[in-house]
1. Would you check which residues across the stretch 5-23 are part of a strand (DSSP E or B) and open to solvent by less than 80 Å² (accessible area, probe 1.4 Å) and list them?
2. Are there any pairs with C-beta distances below 7 angstrom linking a residue in the stretch 1-17 that is at pLDDT 95 or above to a residue that is among the basic types (Lys, Arg) and surrounded by 10 or more Cβ atoms within 10 Å (Cβ to Cβ), with the two at least 6 apart or on different chains, and if so which?
3. Working only within the stretch 25-66, note down all residues that are farther than 21 Å from Ile14 by Cα, open to solvent by 100 Å² or more (accessible area, probe 1.4 Å) and either at pLDDT below 60 or of a type outside the set (Ser, Thr, Tyr) (or both).
Amino acid sequence: MLVLKRQLGQRIRIGGDIVITITEITSSSVKVGIDAPSDVSIFREELCNGAGEPRRDAVSSDGGRR
């Protein structure tokens with residue numbers, strides 16, 4: 001596991017087409033924005049079942065990611 005220290009507004013690039021941006025920092029959480037191609041699935045870990053497959057409600061009805 002790679003662990004990085006970032007500040008508000010700083011970014012992390014994964015490969016050539018995925019960018020993670022730190023958008024908000026509070027005393028108890030960090031909010032990140034993820035820019036990725038539409039063919040890359042992004043899911044929060046807690047929305048996946050035990051088999052590692054995303055549940056149907058992991059993607060909103062308008063096609064956006066949660």
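1. Matches in the stretch 5-23: Ile12, Ile18, Val19, Ile20, Thr21, Ile22, Thr23.
2. Ile12/Arg6
3. Across the stretch 25-66, the qualifying residues are Glu46, Glu53, Arg55, Arg56, Ser61, Asp62.
The values are calculated or read from the model by the stated rules, or taken from the named source; none is laboratory data. Predicted model, so just to flag it, every value in this text is computed and none were measured. Ideal geometry is used to build each Cβ from the backbone, glycine not excepted, and the neighbour counts take in all protein chains shown. With ligands, DNA and RNA removed, areas are computed over all heavy atoms of the protein, side chains included. Shrake-Rupley method; radii C 1.70, N 1.55, O 1.52, S 1.80 Å.
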